[in-house]
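Visitor: Can you keep this structure in mind? I'll have questions shortly.
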Amino acid sequence: MSAGSPAAGKPGGFVNWVDSRLPVFSYLQKEYGEYPAPRNFNYWWNFGALAMFILVTMIATGLLLAMQYTANTEMAFDSVQRIMRDVNFGWLLRFLHMNGASFFFLVIYIHMGRGLYYGSYKAPRELLWMLGVVILLLMMATAFMGYVLPWGQLSFWGATVITNLFSAIPLVGDGIVTWLWGGFTVDNPTLNRFFTLHFLLPFLIVGVVVLHVIALHVHGSNNPLGIDPKGPQDTVPFHPYYTMKDSFGLCVFLLVYAGFVFFAPNWFGEPENFVPADPLVTPLEILPEWYFLPFFAILRSVPDILFIDAKLAGVLAMFGSIFVLFLLPWLDTSKVRSCRFRPTYKWFFWILVLDMILLGYVGGNQPDDLSPLGVRFIVLGQIGTLYYFFHFLILLPLLGKIERPRPLPASISEAVLPANRAGGGAPAGATAQRMEKAR
Amino acid sequence: MTDQAHGEHGESRRDFLMLTAAAFSAVGVGYTVWPFISSMNPSQDVLALSSTEVDLSAIEVGQRVTVKWRGSPVFIDHRTPEQIADAEATALDDLPDPEPDSARVQKPEWLVVVGVCTHLGCIPVGQKPGEVTGEFGGWFCPCHGSVYDTSGRIRSGPAPTNLPVPEYTFLDDTTIRIG
Ligand code: HEM
Ligand code: FES
């Protein structure tokens, strides 16, 4: 099998000449060619590669858009209209970039859900997971600032409301907000710095993704069974097995992405942002993009707590909801990784997913309106927020102690190869032999 | 560290030098970083725009107008006698951010407040005739439902404090300078 051969290129060839001076080829060969990946990945393992694809797409379309965009409050809105109407394929660049952001979050949320379900955050992958959370935070900052650039009503008021969150900090809050704005409201200085940062942050994300992948490749990938590979019979070389599987997944993804870009490009958008920003008129409803809605709901749900007023408490809860993810590897006390062997946690995982959907739904509605369930949305939001923190701070630490996990299989190959599946539990030795032959 | 030259109490000359050097570099780094941070604060041209003169003579009793000051709306309310009476009669105990009306106006018929909700910065409605003014006849913030009274004080909703009163002076009976 060619993927197994160590050296890249013919002896004395150009590739070898470069490689002995700068080992890029042997590095790629090692990390993406031979890299031994568990043989039992399912399609949930496609989403990391999909995320990388979107990141590259966002940077490419973003650079081209930046060549046409003008970061000035007088001209920003019109320059975006010009991109849509006059720039060759400007509409395509913009729709790819706009919808790309939505799909980026969709893919990352699934990617993280995969990690939660299969326990990929547990030892020895804690730092890998935490780097992921850093990426998520950077993505959120980038998306927020990007949404300000077209300078529509929601751009302006979204920026106003979110930057004002910092005024909740006691004593220094107002000073921080003025500093963030570079003025006394969101204005031209704000737009300029947001553009600068929106340009910069994705490259920082690239840097953190590199660290993320380095950390991944130290101990290798987790897998749907959550047990470590015990030898070559449990893994396959990344190329061609997973390069193929990832390519197939990418094609499916591209179909959906292109479907939105070409047939429903504004489906994720809000009509209000087609109105140019007006600092003297607040639109009746200020909603963030869908991927922020669950966090927005948490922000608005929290009442006064003891001596902390609702404004500060809401901000703390919102940031807290992401910061608990950093602690997750230590909050979950169960040694078993995969949900397949955690009969109780599996239920709670799905309840958490429903809880996030509920919070997203609440975030998209006015807190004081009546929900179809007969209570006001704010009440639903409070229940959802409490449950979210209950899950991470109370349930997970306890569950690991109480739950009785199902017995783990002896090895990946034993559990997944057809011979064993049919017979229920054939001896492991037979499997190992078959594998030796296959390699 | 090769600290053989210990003093009486066990600390060496080198420790002293290290600490002093570290302290001085910390101060130096602080001085160097400050201009970088400060450059993001409001610039001189932004600060220069920070006062506005307003002619009040055309504003009738019961009328509210909005003027722009430092990029934000300022609400000027020519209050009716009933509105003034309402504002003055309110018990301080009923207020989340207690402040008597008299501390918020220079002349009772003119209320001047920054029209930016103290919750997260939306512009409350109630300036134009026919708009919702909320339960207390002042202003209503559509974003998260804060209600302000005829003195611009917060009465209910998530906003923590009253609408701020900007610095202003009466230049003569019918002109004010804000800022
Ligand atoms: C720009 C965003 C991201 C990119 C490009 C990215 C890329 C990748 C890639 C290529 C993999 C290996 C393939 C796979 O297992 O799917 C991976 C694994 C992983 N990622 Fe990410 N990732 C991103 C964000 C995140 C975030 C936000 C988290 C969680 C907070 C996260 C957590 C993980 C974990 C725990 C693994 C190891 C998974 C395993 O082997 O089971 N990643 N990432
Ligand atoms: S900004 Fe006015 S109530 Fe939130």
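The values are calculated or read from the model by the stated rules, or taken from the named source; none is laboratory data. Here the structure is a predicted model, which is why all the values come from computation and not from measurement. Note that each Cβ is placed from the backbone with ideal geometry, even for glycine, and that neighbours are counted across all protein chains shown. Side chains included, ligands, DNA and RNA excluded: accessible areas come from the protein's heavy atoms. Shrake-Rupley method; radii C 1.70, N 1.55, O 1.52, S 1.80 Å.
Visitor: With a 10 Å radius around each residue's Cβ, average the other Cβ atoms per peptide and rank A:63-70, A:289-296, B:161-168, highest first.
Guide: Going by the mean number of other Cβ atoms within 10 Å, highest first, we get A:289-296, B:161-168, A:63-70.
Visitor: When the chain is fully extended, how far beyond the present Cα-Cα distance does A:V256 get from A:N72, taking 0.36 nm per residue of separation?
Guide: 62.8 nm
Visitor: Could I ask something else about it? Given 0.36 nm per residue, what is the gain on full extension from B:A22 to B:E109 after removing their alpha carbon distance, in nm?
Guide: Net length gain for the segment: 25.3 nm.
Visitor: Hey, what angle do you get for helix B:13-38 against the long axis of chain B, alpha-carbon based, 0 to 90 degrees rounded to 10?
Guide: It works out to around 30 degrees.
Visitor: Counting partner chain Cβ atoms within 10 Å of every residue's Cβ in B:140-147, what's the average?
Guide: If you average over the peptide's residues, the count of other-chain Cβ atoms is 4.
Visitor: Which is farthest toward the positive dipole end of the range A:191-306 among A:P229, A:F199, A:I298, measuring Cα position about the Cα centre, with Cβ charges +1 (Lys, Arg) and -1 (Asp, Glu)?
Guide: After comparing all options, I get A:P229.
Visitor: Need one value: the accessible area of A:I383 in square angstrom, 1.4 angstrom probe, rounded to the nearest 10.
Guide: Solvent-accessible area, nearest 10 Å²: 100 Å².
Visitor: Could you order the peptides B:134-145, A:101-112, A:27-38 from most to least packed, using the average number of other C-beta atoms within 10 Å per residue?
Guide: Packing proxy ranking, top to bottom: B:134-145, A:101-112, A:27-38.
Visitor: For a protection proxy built on the mean count of beta-carbon atoms within 10 angstrom, sort A:152-165, A:223-236 highest first, please.
Guide: A:152-165, A:223-236
Visitor: A further question follows. So what J values fall out for the range B:100-107 if you push phi through Karplus, 6.51 cos²θ - 1.76 cosθ + 1.60 with θ = phi - 60°, rounded to Hz, Gly and Pro as x?
Guide: Running phi through 6.51 cos²θ - 1.76 cosθ + 1.60 with θ = phi - 60° gives x, 4, 4, 7, 10, 10, 8, 10 Hz.
Visitor: Connecting C-alpha atoms closer than 10 Å in a GNM of chain B, tell me which of B:D55, B:D15, B:D93 has the biggest fluctuation.
Guide: Checking each option, the largest mean-square fluctuation is seen for B:D15.
Visitor: Oh, and also: Determine by what factor the alpha-carbon radius of gyration of chain A differs from 2.2 N^0.38 Å, reporting the quotient.
Guide: Cα Rg divided by the expected 2.2 N^0.38 Å: 1.11.
Visitor: Between A:M244 and B:L92, what FRET efficiency follows from the Cβ-Cβ distance if R0 is 51 Å, with the result rounded to 0.05?
Guide: That gives a FRET efficiency of 0.10.
Visitor: Can you give the FRET efficiency to the nearest 0.05 for B:V132 and A:E272, using r as the Cβ-Cβ distance and R₀ = 25 Å?
Guide: Computed FRET efficiency for B:V132 and A:E272 comes out at 0.85.
Visitor: Please give the FRET efficiency for A:F263 paired with A:L204, using the beta carbon to beta carbon distance and R0 = 45 Å, rounded to the nearest 0.05.
Guide: Calculated value: 0.85.
Visitor: Let me ask something else about it. If a helix is a whole DSSP H run, which ones in chain A reach 15 Å or further along their own axis (Cα) and hold a mean Kyte-Doolittle hydropathy of at least 0.0?
Guide: Going by DSSP H runs, the hits are A:47-66, A:90-118, A:126-148, A:153-164, A:188-219, A:238-263, A:310-331, A:343-363, A:377-390.
Visitor: Sticking with this structure for a sec: What is the mean number of Cβ atoms from other protein chains located within 10 Å of the Cβ atom of each residue in peptide B:71-80, rounded to a whole number?
Guide: Mean shielding by partner chains, rounded to a whole number: 2.
Visitor: Then there is this: Report the residues of the range A:329-362 in range of a label on A:L373: point 7 Å along Cα→C-beta, backbone N strictly under 15 Å from it.
Guide: Counting only backbone N, you get A:351-362.
Visitor: Right, another one. Can you give me the convex hull volume of the Cα atoms of chain B, divided per residue and expressed in Å³?
Guide: Each residue corresponds to 211 Å³ of Cα convex hull volume.
Visitor: Considering every residue in A:180-190, what mean count of other chain Cβ atoms within 10 Å of its Cβ is obtained?
Guide: Going residue by residue through A:180-190 and averaging, the value is 5.
Visitor: With the cut-off at 32 Å, tell me which of the pairs A:K311/A:K335; A:K30/A:K122; B:K68/B:K107; A:K311/B:K128 have Cα atoms farther apart than that.
Guide: Where the Cα-Cα span goes over 32 Å, the pairs concerned are A:K311/A:K335.
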